[in-house]
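A short write-up of the structure that comes next.
The values are calculated or read from the model by the stated rules, or taken from the named source; none is laboratory data. What you are looking at is a predicted structure, and each value in this text was computed from that prediction instead of being measured. Positions of Cβ are generated from backbone atoms using ideal geometry, with glycine treated the same way; all protein chains shown enter the neighbour counts. Each accessible area value is taken on the protein alone, full model and side chains, heavy atoms only, with ligands, DNA and RNA left out. Shrake-Rupley method; radii C 1.70, N 1.55, O 1.52, S 1.80 Å.
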Amino acid sequence: MAKAGRRRAVVALVAVLAVAASVAVVARVLAPAEVETVARGPYPEAPAPAAGVIGRLPVAPLVVDGRLRVYAGARQVYADQPVTGRHRVTPFWSYRRWPATLVGVLAQGTTVVSRWSDGTLVALDARTGRVAWRADGPEPAPVPKPRRTFAAPVWDPVGLHVARTAGGLDVLLAAGPEALGGYALADGRRLWHADVGQGCRVDVGSTASGEMVGVDSCAGPASVELRDAATGAVRTRWRPPNAPDRLVVTPVGCRDGRSGCRGLRTAGPGGESGRGWLVTDPGEPSAAPGLDVPGVVLDGERVVDTSGGVVVGRSPRTGEELWRRADIHPARVLAVEPGRVHLLTDRRELVTLDPLTGATRSEFVLDLGRDGIGWRPGRAYAVDGYVAVERVREEATADDDDQGYFLMAESILLAAT
């Protein structure tokens with residue numbers, strides 16, 4: 001009997017240990033986790049590439065500090081280098097989270113900020129890939145699953161912007177369907193939090209004068225709401241003269257993405273009653289007739305208009321024509337960055353102009369090897385003289401899967417201008 005009792009005790013102990021081990025395995029598998037793989041090599045120097053196509057990439061890059069290319073995945077942010085590499089290579093650093101999914105990425109200087117589906121904001125030091133800070137942000141709105149290039153979350157992150165205040169403070173702004181928040185970009189400390197009415201506010205971006213822009217219809221007809229980026233206080237609520245009850249506001253002249261924008265365009269849902277406005281100073285926006293025409297872009301103190309078959313530079317404040325380029329083949333604006341307007345002609349030539357004078361800065365065919373020019377542009381992005389663009393099949397529709405939609409596996413071209 002004593003032996004049988006000991007045997008039963010041993011069996012019970014083994015069962016307890018097995019259950020404990022199973023619980024430990026489940027905890028390891030299911031518990032929230034992050035993996036930080038930091039850089040092992042030195043921070044690269046910034047190259048000075050000649051104008052032309054650099055290479056092909058399968059995913060959309062953010063060019064950070066002129067030295068790295070940063071990419072997004074479903075649960076990962078990672079970087080490679082050099083920025084002039086012909087193809088994507090082994091990551092220089094990588095950061096993963098689980099089970100949250102990545103919903104947006106932006107970069108300012110050497111800080112790369114990622115936003116996750118659980119609301120967490122994680123800032124990485126681009127020089128090392130180490131986590132610089134974490135903060136609890138407002139839960140983001142659901143976003144559509146990105147296509148395989150992940151261009152949407154890195155080139156146009158929803159509800160994630162940076163604004164610089166008059167005192168020189170860089171503020172990260174995060175908008176969700178129920179709340180807004182402002183965070184010091186340098187260290188992640190929360191500067192303010194504001195609850196907002198669900199379903200009655202639309203995020204727009206941030207202004208060059210240090211404000212967060214939204215469209216608020218919670219207490220009446222839709223109005224443009226301008227909040228102080230440093231405090232979250234509403235500085236201005238404003239409706240354009242004779243504005244429709246439903247108001248669509250589009251940022252223009254932005255420094256990067258929808259951040260640091262110098263202008264707005266207001267219109268009805270179908271584009272009617274379109275008007276342009278400047279938001280370079282605090283207070284109510286000022287009229288900018290040069291921005292009234294749909295599709296024009298703003299760069300500094302110049303509007304660039306390709307709607308009439310020629311390329312024209314105008315004053316945003318008066319609409320006065322200041323320069324004209326009739327020698328450029330029919331073109332559309334591909335991307336804009338401070339000091340450069342990038343045009344894509346119907347011959348797939350990338351023509352980069354100085355918006356102040358209309359002078360050509362560079363010009364070349366956007367092609368590599370034998371890829372050809374039988375494609376149309378999808379999403380595009382420009383920073384620091386680099387331009388990246390998705391190449392979409394000419395006959396593709398929005399309903400096509402990724403294989404039918406993109407020209408090839410490495411569908412993105414990266415060029416230096």
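What GluC sites (Glu not before Pro) does segment 319-411 have in DSSP loop regions with at most 14 other beta carbons within 10 Å?
Working: sites: GLU320, GLU321, GLU349, GLU363, GLU390, GLU394, GLU395, GLU410; in loops: GLU320, GLU394, GLU395, GLU410.
Here the GluC sites (Glu not before Pro) that fit, given the DSSP loop and packing criteria, are GLU320, GLU394, GLU395.
Using the Cα atoms of segment 168-229 to build a convex hull, what is its mean projected area in square nanometres? Please list the in-between numbers first.
On the way: hull surface 16.4 nm².
Computed as one quarter of the Cα hull surface, the answer is 4.1 nm².
Run through every distinct alpha carbon pair of segment 306-412 and return the Kirkwood hydrodynamic radius in angstroms, one decimal place. Can you show the working numbers first?
Working: mean 1/r = 0.0668 Å⁻¹.
For segment 306-412, the Kirkwood estimate is 15.0 Å.
Bin all alpha-carbon pair distances of segment 41-177 at 10 Å intervals from 0 and give each bin's fraction as a whole percent.
Distribution as computed: 12, 43, 34, 11, 1 percent.
Using alpha-carbon positions, what is the distance between the centroids of segment 360-407 and segment 301-356, in Å?
So the two Cα centres are separated by 19 Å.
If only Cα atoms are counted, what is the Rg of the chain, and what is its Dmax, in Å?
Calculated on Cα positions, Rg and Dmax stand at 24.7, 105 Å.
What net charge is computed for the residues neighbouring LEU247, neighbours being all others with C-beta under 13 Å from the C-beta of LEU247, Lys and Arg scored +1, Asp and Glu -1? Working shown, then result.
Numbers: positive: ARG201, ARG237, ARG239, ARG246, ARG265, ARG275; negative: ASP216, GLU225, ASP245, GLU272.
With Lys, Arg at +1 and Asp, Glu at -1, the neighbours total +2.
Can you work out ³J(HN,Hα) from phi for every residue in segment 284-294, in order, using Karplus 6.51 cos²θ - 1.76 cosθ + 1.60 and θ = phi - 60°, giving whole Hz and x for Gly and Pro?
Per residue, the Karplus-derived 3J(HN,Hα) values read 5, x, 9, 4, 9, x, x, 9, 5, 6, x Hz.
So what's the net charge close to ALA39: Lys and Arg +1, Asp and Glu -1, counting the other residues with Cβ under 10 Å from its Cβ?
Working: positive: ARG40, ARG127, ARG130; negative: ASP125.
Net charge in that neighbourhood comes out at +2.
Whole number in Å², please: accessible area per residue of segment 229-301, 1.4 Å probe, ligands, DNA and RNA not counted.
Value returned for segment 229-301: 45 Å² of accessible area per residue.
Which value in nm describes the separation of the simple spin-label points at ASP281 and ARG237, placed 7 Å from the Cα toward the beta carbon?
Distance between label points: 2.5 nm.
From the backbone phi of segment 356-371, what are the Karplus-calculated ³J(HN,Hα) couplings (6.51 cos²θ - 1.76 cosθ + 1.60, θ = phi - 60°) in whole Hz, Gly and Pro given as x?
These are the phi-based 3J(HN,Hα) values: 5, 10, x, 5, 6, 8, 7, 7, 6, 6, 8, 8, 9, x, 10, 4 Hz.
Ranked highest first by average number of other Cβ atoms within 10 Å, how do 80-92, 203-215 line up?
Numbers: 80-92: 16.4, 203-215: 23.6.
Taking the mean over residues of other Cβ atoms within 10 Å, the ranking is 203-215, 80-92.
Want the number for VAL310 to ALA46: 0.36 nm per residue separation, take away the alpha-carbon distance, what's left?
Numbers: separation 264, 0.36 × 264 = 95.04 nm, distance 3.57 nm.
Contour length minus the Cα-Cα distance gives 91.5 nm.
Any idea what angle helix 2-30 forms with the longest principal axis of the chain, computed on alpha-carbon atoms, 0 to 90 degrees, nearest 10?
So the inclination is approximately 0 degrees.
Can you give the percent of C-alpha pairs in segment 135-187 whose distance is more than 14 Å? Provide the component values of the computation, followed by the final result.
Numbers: 813 of 1378 pairs.
So the portion of pairs separated by more than 14 Å is 59 percent.
Would you pull out the residues with amide H under 5 Å of ARG127's amide H, same chain only if 5 or more places away, H placed 1.01 Å from N?
none
Please list the equivalent ellipsoid semi-axes of segment 147-296, computed as the square roots of five times the alpha-carbon gyration tensor eigenvalues, in descending order and whole angstrom. Walk me through the intermediate numbers first.
On the way: eigenvalues 107, 59, 53 Å².
They are 23, 17, 16 Å, listed from largest to smallest.
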